[in-house]
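The values are calculated or read from the model by the stated rules, or taken from the named source; none is laboratory data. Please read these numbers as outputs of a predicted model, since none were measured by experiment. Because the Cβ atoms are built from the backbone with ideal geometry, glycine has one as well, and the counts that use them run over all protein chains shown.
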Amino acid sequence: MQLSETVKVYPTEYQKTLIIETMTEYIDLVNRLVSDAASGHSIAKTTTADLHADLPSALANQCIRDAKSIVRKHCKFCHKAVLKNRSLAKRGSNIITKTPNFPILKKPCCYINNQNFKVKDNAIEFPVMIDGKSKRISVPVKLTKRQKFLFSDTKFGTMRIVIKNHILVAQIVYEIAELELKTDGNIMGIDLGIKCPAVSYCSDGSVKFYGNGRRNKYMRRHYAYLRKKLQTSKKMKAVKRINDKEQRIMRDIDHKLSHDIVETAVAHNVKVIKLEQLQNIRSTTRTSRKNNHSLHNWSFYRLAQFIEYKARLAGILVEYVNPAYTSQTCPICGHIHHADDRNYICKCGFHIHRDLLGAMNICSSTEFVGNRQTQLSDRI
């Protein structure tokens with residue numbers, strides 16, 4: 001399984017200039033190759049000998065691979081759009097799905113494969129162009145004890161150098177061993193929501209509520225108020241800092257929630273975690289006006305992604321089920337109706353918390369949508 005670690009780099013002013021020049025040249029070359037493909041020129045057999053770029057050959061090769069990947073994905077999207085338009089035309093619809101334009105890389109970055117960089121205790125070595133020649137530079141970094149332990153005996157993937165919050169960082173992909181999937185054990189169903197971020201129900205009867213939705217909602221409103229105030233004063237850099245801070249906090253909350261969920265699953269000998277396939281949730285879910293903003297700002301996908309990869313590391317399979325009526329179906333008589341606020345009361349006399357009902361029905365559901373093999377590298 002591939003994961004990624006973000007490492008801050010502390011280059012000298014001269015090294016910083018070289019790195020930024022390399023990153024800028026990198027995205028310029030990728031954009032030129034994609035532009036050539038968009039103009040009808042094939043880049044399938046393009047080699048570094050055909051290019052005129054001030055980049056080390058290893059990075060130029062990576063540019064070619066990135067450009068080919070972008071072109072392949074674009075062709076795939078266009079093919080889907082054409083098929084969708086044909087389907088709509090057969091139904092007599094006048095709606096036309098526009099084919100997407102070729103993407104353009106704007107933020108400076110560069111990718112370096114594992115054969116062309118080396119991670120040491122206090123530095124990272126990789127090639128850049130100096131006076132027209134490819135030379136390796138050693139850039140100082142500060143690795144945590146955990147990162148030193150992870151990098152001491154692992155196989156590296158690709159390293160991406162990018163600017164985040166005006167700071168140069170290296171995002172390093174590495175391999176980590178997964179435990180064998182459990183063959184016997186309990187099943188856990190998890191219901192994700194807004195007021196209660198997550199509820200788990202295990203087949204052994206154990207129940208747990210996770211997180212504080214009210215606190216998360218308050219924090220969102222607080223940062224929205226700060227953004228509005230700063231935007232009125234036209235302090236756009238401060239707005240960017242506030243946005244970044246909010247995203248870091250929400251990401252940290254999702255990490256802690258997912259960690260707690262997987263720890264609970266391990267403690268109860270769970271072999272399968274079932275989650276709702278929350279695709280298009282923003283367009284299909286009915287919410288009140290006051291909760292609509294929260295729904296559009298909460299990353300259900302990210303939390304599910306974190307749960308999935310942490311479960312895989314613990315040897316637990318993650319499956320996705322159809323979310324239809326999971327919070328409206330009585331598990332006793334099968335009657336379907338809406339809950340009154342947070343309480344679900346069925347005509348047969350069964351009553352329970354609405355989110356817990358969702359977790360129970362997810363746990364017992366057999367309408368599988370499938371499972372994903374998540375790769376959490378920062379590759380774009």
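Does Tyr309 satisfy being surrounded by 19 or more Cβ atoms within 10 Å (Cβ to Cβ), among the aromatic types (Phe, Trp, Tyr) and at pLDDT 85 or above? Write out each step before concluding.
Numbers: surrounded by 19 or more Cβ atoms within 10 Å (Cβ to Cβ): yes; among the aromatic types (Phe, Trp, Tyr): yes; at pLDDT 85 or above: yes.
Judged against the criteria, Tyr309 is a match.
Which ones in the stretch 167-203 are part of a strand (DSSP E or B) and of a type in the set (D, E, K, R)? Please lay out each step first, then the result.
Taking the stretch 167-203 first, the residues part of a strand (DSSP E or B) are 167-175, 186-192, 198-202.
Matches in the stretch 167-203: Glu175, Asp191.
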Reported set for the stretch 151-205 where residues are touching a strand residue (DSSP E or B) at 6+ places or on another chain (Cβ under 7 Å) and of a type in the set (D, E, K, R) is Lys155, Arg160, Glu175, Lys182, Asp184, Asp191, Asp204
Cβ pairs under 9 Å, 6+ apart or interchain, first in the stretch 64-87 and in the same structural domain as Thr99 (by TED's automatic domain parsing) and in contact (Cβ under 8 Å) with a residue 40 or more places away in the chain, second among the hydroxyl-bearing types (Ser, Thr, Tyr) and assigned to a helix (DSSP H, G or I), ordered by first then second residue, are Asp66/Tyr26
Those residues of the stretch 158-179 which are surrounded by fewer than 18 Cβ atoms within 10 Å (Cβ to Cβ) and either under 29 Å from Leu317 (Cα atoms) or in contact with a helix residue (DSSP H, G or I) (Cβ under 7 Å, 6 or more places away or on another chain) (or both) amount to Asn165, Glu175, Ile176, Ala177, Glu178, Leu179
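A quick yes/no check of all residues on (1) in a helix (DSSP H, G or I); (2) surrounded by fewer than 15 Cβ atoms within 10 Å (Cβ to Cβ); (3) modelled with pLDDT under 85:
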| residue | (1), (2), (3) |
| --- | --- |
| Ser258 | yes, no, no |
| Val272 | no, no, no |
| Gln279 | no, yes, yes |
| Ser283 | yes, yes, yes |
| His296 | yes, yes, yes |
Asn122 meets each of (1) out of contact with any Ser or Thr (no Cβ under 8 Å at 6 or more places or on another chain); (2) surrounded by 18 or more Cβ atoms within 10 Å (Cβ to Cβ); (3) farther than 20 Å from Asp28 by Cβ with one exception, condition (2)
Check: Would a scan of the stretch 133-150 turn up a residue that is over 30 Å from Met360 (Cα atoms), surrounded by fewer than 16 Cβ atoms within 10 Å (Cβ to Cβ) and of a type in the set (Phe, Trp, Tyr)?
Finding: yes
Small (Gly, Ala, Ser) and closer than 25 Å to Ser327 by Cα: is that true of Ser258 in this structure? yes
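If you check Lys8, Lys45, Lys107, Lys98, which single one turns out to be of a type in the set (D, E, K, R), in a loop (DSSP other than H, G, I, E, B), touching a strand residue (DSSP E or B) at 6+ places or on another chain (Cβ under 8 Å) and not assigned by TED's automatic domain parsing to the domain that holds Ala314? It would help to see each step written out before you state the result.
Details: Lys8 fails: in a loop (DSSP other than H, G, I, E, B); Lys45 fails: touching a strand residue (DSSP E or B) at 6+ places or on another chain (Cβ under 8 Å); Lys98 fails: touching a strand residue (DSSP E or B) at 6+ places or on another chain (Cβ under 8 Å).
Selected residue: Lys107, the only one of Lys8, Lys45, Lys107, Lys98 that is of a type in the set (D, E, K, R), in a loop (DSSP other than H, G, I, E, B), touching a strand residue (DSSP E or B) at 6+ places or on another chain (Cβ under 8 Å) and not assigned by TED's automatic domain parsing to the domain that holds Ala314.
Of the residues Leu275, Leu230, Leu181, Leu226, which is among the aliphatic types (A, V, I, L, M) and not assigned by TED's automatic domain parsing to the domain that holds Glu308?
Numbers: Leu275 fails: not assigned by TED's automatic domain parsing to the domain that holds Glu308; Leu230 fails: not assigned by TED's automatic domain parsing to the domain that holds Glu308; Leu226 fails: not assigned by TED's automatic domain parsing to the domain that holds Glu308.
On inspection, the qualifying residue turns out to be Leu181.
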Output for Cβ contacts, cut-off 7 Å, separation at least six or different chains, first residue in a strand (DSSP E or B) in the stretch 330-353, second among the aromatic types (Phe, Trp, Tyr) and surrounded by 11 or more Cβ atoms within 10 Å (Cβ to Cβ), reads Ile336/Tyr325; His351/Tyr344; Ile352/Tyr344
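Being in contact (Cβ under 8 Å) with a residue 40 or more places away in the chain, surrounded by 19 or more Cβ atoms within 10 Å (Cβ to Cβ), of a type outside the set (Lys, Arg) and within 24 Å of Leu303 (Cβ to Cβ): is that true of Ile187 here? It would help to see each step written out before you state the result.
Details: in contact (Cβ under 8 Å) with a residue 40 or more places away in the chain: yes; surrounded by 19 or more Cβ atoms within 10 Å (Cβ to Cβ): yes; of a type outside the set (Lys, Arg): yes; within 24 Å of Leu303 (Cβ to Cβ): yes.
So Ile187 passes the test.
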